[in-house]
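Everything below concerns the one structure shown next.
The values are calculated or read from the model by the stated rules, or taken from the named source; none is laboratory data. On a predicted model such as this, the values are computed, not experimentally measured, just so you know. Cβ placement follows ideal geometry from the backbone for every residue including glycine, while neighbour counts extend to all protein chains displayed. Calculation scope for accessible area: heavy atoms of the full protein, side chains included, ligands and nucleic acids excluded. Shrake-Rupley method; radii C 1.70, N 1.55, O 1.52, S 1.80 Å.
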Amino acid sequence: MSAFLDALLQYDFLQKALLGGLLASIGCGLMGSYVVVKRIGYMAGGIAHTVLGGMGIALFLGLAPLGGALVAALVAALLIGGVRLRWRQQEDTLIGVVWAVGMAIGILFISRTPGYNVNLMSYLFGNILMVTDRSLWLMAGLDLVVLVTVALCYRLFLAVSFDEEFARLRGVPVAFFYLLLLCLVAVTVVLLIQVVGLILVIALLTLPAAIAAHYVHSLGRMMLLATLLGMLFTVAGLALSYEPDLPSGATIILVAGCSYVLSLLLRGAIAGRRPGRWRRA
Amino acid sequence: MAGEPVIRLQGVDYSYDGPPVLEGVDLEVQDGEFLGVVGPNAGGKSTLLKLILGLLQPRRGRIEVLGRSPEAARRQLGYVAQYPSFRRDFPIDVEQTVLMGRLGTGSLYGGWRRGDREVVRRVMVETAVEPLAERQLATLSGGQLQRVMLARALACEPRILILDEPTANIDLRIETDIFDLLRRLNRRMTIIVVSHDIGFISRYVGRVACVNRTLMTHHTADIDGRVIRDLYDSEVRMVEHVHH
């Protein structure tokens, strides 16, 4: 651990990696809380994987892969959200189709791009140690978009997450705010891809918020605690992976996953001591 | 009771991809009325409410609420659904839940205003849920949750309050409390309540609409509970006959 601290003071790339992890945690805490309470983890997973299609096309055309990722994530969010709003019966099949087709498009375009092998693994599993200044600025910008929108629309997102039918009766344009919420999830997915890659995104999006839900009982506090937990996991994962030279994204996810299991056990132990406390009608 | 009708249905038909659920329904509800809606399960009671709320569109016929289309009038209606359309374990407390009723009364963006909190405080006192303000929904009993749902509907400051079986699965003492409260609320708003228990609600409502694909109304003042029960039973038999 002290080797990590020494290296952190010494190496620029490690400082950037740390900063990237902290920036990603803000989006992860805010939007992860919505994903957990609205139970749209599967939709978020679909958005994350579809991103590969946009990255592949951007690479093939010689454009910035992150830009492609952002466009693809937004398109996927609107497609998947539209599917849910209109064809609810076949929702999971159709999300699966978007998910797989997006990835397939990505693989085809990447295979036609010279020198693809280098990049593919880092898109799939993340490589925060390679994060560039430009990516950091983009991440900060995306965080700002998420923060400002959530601050403006907090009540509306709460209403749409909590009780869509009632929100509709109160004259809230439910479909619009539902799609906006998914677009912010898409933006957050792009943030997190920098850190853990598109396959592991869903874990970092849901685990901190799911742990927070064990201890706090309002959406606002859940967002705050989930952000702090996200920061803790990314920093801890980065530190643990540094000395043995393990993949940082996978280490971060394992730290988060183990913490979730520990939290579940802890909660079970508390509930065991106080019977009835967690019983729900 | 005489006055402008606040709700008017003329020749309304409705079906969910199948046989008609409602057919040729005519109904006028006067301002300040307390209307009970009764009928067998799947007879179309909830469908009738959803048509009035504009959540469903009639296949045929006209619906006017407060002189406008149901969608346009909807913000002036308070609605308590039969089944909560949310998850009981959502991380939200009672006060925040009741505040949801204030949506659509001011700007959509930003936070709650002081006026919103004052209205919410008042309706929580009225429905006796104020001591529960900071409790999580998941920790409430069925009766407490039903009062919270009523408080949320009242926070809309509705002109018409619509309740779909507000006291199903609640014990009789609490059911009586809730209907006593509805009777007080009826002094300032029109109320439509669906119930499976006509004997119980006929003590409270001024008129009963019997819905079983078709709709017939009866004034409770004209006939006692026993006669209503007979009427109701005969209608059920009649419709069973029709379904052959």
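What the table below lists for this structure:
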read-out	value
Which numbered condition A:VAL261 misses (of (1) within 14 Å of chain B (Cβ to nearest Cβ); (2) surrounded by fewer than 21 Cβ atoms within 10 Å (Cβ to Cβ); (3) not basic (Lys, Arg))	(1)
Region B:65-122, subset part of a loop (DSSP other than H, G, I, E, B) and of a type in the set (Ser, Thr, Tyr), residue farthest from the other protein chains (Cβ to nearest Cβ)	B:SER69
Checking B:THR97 against (1) modelled with pLDDT of 90 or more; (2) open to solvent by 10 Å² or more (accessible area, probe 1.4 Å), the condition it does not meet	(2)
Selected residue [open to solvent by less than 10 Å² (accessible area, probe 1.4 Å), assigned to a loop (DSSP other than H, G, I, E, B), touching a residue at least 40 places away in the same chain (Cβ under 8 Å) and out of contact with any His (no Cβ under 8 Å at 6 or more places or on another chain)] from B:GLY32, B:GLY43	B:GLY43
Scope region B:165-182; condition open to solvent by less than 10 Å² (accessible area, probe 1.4 Å) and in contact (Cβ under 8 Å) with a residue 40 or more places away in the chain; matching residues	B:PRO166, B:LEU181, B:LEU182
The listed residue being in contact with a Cys (Cβ under 9 Å, 6 or more places away or on another chain), open to solvent by less than 50 Å² (accessible area, probe 1.4 Å), closer than 30 Å to B:ASP180 by Cα and not in a loop (DSSP other than H, G, I, E, B), out of B:VAL37, B:VAL25	B:VAL37
Top-ranked residue in region A:139-186 [being in contact with a Lys or Arg (Cβ under 7 Å, 6 or more places away or on another chain) and part of a helix (DSSP H, G or I); ranked as farthest from the other protein chains (Cβ to nearest Cβ)]	A:VAL174
Members of region A:188-199 that are out of contact with any Cys (no Cβ under 9 Å at 6 or more places or on another chain) and crowded, with 23+ Cβ neighbours inside 10 Å	A:VAL189, A:VAL190, A:ILE193, A:GLN194, A:VAL196, A:GLY197, A:LEU198
Residue list for region B:123-160, filter: away from chain A (no Cβ under 13 Å), charged (D, E, K, R) and surrounded by fewer than 19 Cβ atoms within 10 Å (Cβ to Cβ)	B:GLU126, B:GLU130, B:ARG159
Residue among B:ALA133, B:ALA155 that alone is touching a Leu at 6+ places or on another chain (Cβ under 9 Å) and either of a type in the set (A, V, I, L, M, F, W, C) or at pLDDT below 90 (or both)	B:ALA155
Residues satisfying the stated conditions in region B:163-214, i.e. of a type in the set (Gly, Ala, Ser) and assigned to a loop (DSSP other than H, G, I, E, B)	B:ALA168, B:SER195, B:SER202, B:GLY206
Selection within region A:163-183 - open to solvent by 10 Å² or more (accessible area, probe 1.4 Å) and in contact (Cβ under 8 Å) with a residue 60 or more places away in the chain	A:ALA175, A:LEU179, A:CYS183
Contacts under 7 angstrom Cβ, first residue in region A:1-13 being closer than 14 Å to A:GLU243 by Cα, partner of a type in the set (Gly, Ala, Ser) and surrounded by 10 or more Cβ atoms within 10 Å (Cβ to Cβ), 6 or more apart	A:MET1/A:ALA239; A:PHE4/A:ALA239
